[in-house]
Every structure is written in structure tokens, then in C-alpha cells.
Amino acid sequence: MYNGVLLAVIAGFAVLNGLFLDDVPLWRQLLFVVLAVVAYLHGRHLPTPREWLPLGAAGVVAAALVVVDRPAGVGATALLGVFVVLPWLAGRFRRQQAALVVAAGERVAELEQQQRFVAERAELRERARLAVDMHDALGHELALISLRAGALELDPEMTGANRAAAAALRAAAVAATDRLRHALGLLREPAPQGISVEALVHRAREAGMAVRLDRSGAGSAVAEEAAHRVVREALTNAARHAPGAEVEVRVARGDGRLTVAVRNPVAGTADPAGSGTGVAALRAHLVQLGGDLDASLADGAYLMTARLPDAPGHP
């Protein structure tokens, strides 16, 4: 409101100073210069709601003077336009231009922030992928080391000192696996694998696990990778929580899906899934692929069942 009144006052002075131009003293000439400067500064720094109304009102007054005194009215109208309207428009243009520059700078800063966010997210995903790869691969290897150490501990030809060393090795491997799961188990990005389910089962058998594989049909590369992760997680849990028990692995393809089921007996009240972070990460990964994972303990056996999409061209 104040800015509009000020603009109306500037325009009114211009109209009054535009009258009686037959003899214009110096102070009136300087007043035109002052009005032009003030009008420019007003347009540059003082945004006004309905800013055309004060100028329009002054223009109406100047036009009305044309009816009363044509020469005086024409002079007042012309001087209003030259010394108020044009400088005010120039200031308004500069204000809008400055606002556009500020808006463009803010937009550039926002885009740069978004780019930094995307780069940070990509870095976090890559770190998560590497960390989950360590979690899966090292956890599996540590479980096999624990299993081998347990077999050495039960070897009747071992001396007492060697048996104690084997027991300590097994305990250290189990503790290292737990620490690895605690540090990395919540990360969920998948890592590509280059080993088949058959080779995974074969390595487990070489480590001393009793594993029976029943397979019918092969899936796509994505489904096979997911099946590898499911079997590896299940064998790792079985090696840690059910050493010596027979593990049954079934892989079947049908109805556009690859079904993987791993079952092993569990003694006592041990939790076959450990802290559950590995299973949680695996379930999240399968859900992203459009599959699902069930893991439950019933009738003294732990069963992990995964249903994986195997449609042609599935990403």
C-alpha cells in the first residue's frame, strides 16, 4: 500500500510540474531529473501490488487536462510518460531481471544439490553392494571353516592340544561370522555371482556337509543368481546351527517361476536364522526382483523357500 501511494505521489508531482511550460525555471527542470531518478528507484526496489493503478490514475488526470487546456494537458501527459513511466518501467525491468538471476542461481544450486545427492546415493549403493558381497561370501566361507574345524575337533586321532586348537578355531570362525553379520547384514544390494548352485553344493560337501540336491530345470541368469544367494544363505545357517545334519536342497522350475527350497533339521532351541539380518537382506532383494521368501521353523526342521520370477526378459 505504501509503495503504491509513493508511486502516485511521484506521478502527481510529474503532472503538476508538467503544467505551464512557457517559462520553466531551473529548479523545475531539476525536479524532472529528480522525478526520473526516484521513479527508476521505485520500479527497481519497491514492488507494488496493482502497480499500474497509480500511473493510470495520473494518466487519467493528465488526459482530463487536455480537455481543459490542450497545450498544458499534452505537455503534462508527455512529461509524465518521459520522466516517470519510462524510468519506472526501466527500474521494473531491472528488478525482474535481478529476480530471474536469483531464481536461476537457486535453481542451479538445487540441481547441483540433486546431482550430489544422486552421486552420494550411487556411491552408497555401490558400497552396499560390495558390503553385501563380503557378507554373503565371507560369511559362507567362515561357516565352512567352522564346519571343518568341528570335524577336526571330533577326529579321534587328534591330540588334546590339537583338539583344543580346532575348537578355538571353530569358535573364532563363528564369532567372526556373527560380527560380520552384525556389521553388514542390513545392506541389501545384490552382488553378481559366478558360481552355480551345483558348484556351491559341491563345495559344501567337500567341507564335510551332508547336502542332497534335487534339481529339475534351469532358470534365467537373474533367477539363477537369486537361487545361488538363497542356497548359500541356507547352507551358511545350516553349517552354523545344524552341523552334521543332512541338508535337502530342491530347485524346480515351472509356471514361469523358479522355486528353491532348503530344509535342514535343527537340534534344541537354536535360532537357525541367527540374527536374521542375512535373511532380511535376502528377502528384501527377492522382493525387489518380484519374488518372495519364507523362512520358518517347524517340526524340528528349518525350511527356507524362495519363489523367483523367471519370465523371459525379466530384468
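The values are calculated or read from the model by the stated rules, or taken from the named source; none is laboratory data. Everything numeric in this text was worked out from a predicted model, so none of it was measured. Positions of Cβ are backbone-derived with ideal geometry, glycine not excepted, and every protein chain shown enters the neighbour counts.
The table that follows gives values for the structure above.
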item: Selected residue (only one of 99, 103, 128 is surrounded by 10 or more Cβ atoms within 10 Å (Cβ to Cβ) and at pLDDT below 70); result: 128
item: Exclusive hit being charged (D, E, K, R), modelled with pLDDT of 80 or more and exposed (fewer than 14 other Cβ atoms within 10 Å of the Cβ), set 212, 203; result: 212
item: Residues satisfying the stated conditions in region 238-258, i.e. under 18 Å from residue 290 (Cβ atoms), in contact with a helix residue (DSSP H, G or I) (Cβ under 9 Å, 6 or more places away or on another chain) and surrounded by fewer than 24 Cβ atoms within 10 Å (Cβ to Cβ); result: 253, 257
item: Test: residue in region 167-190 that is at pLDDT 75 or above, assigned to a helix (DSSP H, G or I) and touching a helix residue (DSSP H, G or I) at 6+ places or on another chain (Cβ under 8 Å); result: no
item: Those residues of region 288-297 which are loosely packed, with under 14 Cβ neighbours inside 10 Å and closer than 13 Å to residue 230 by Cα, in sequence order; result: 292, 294
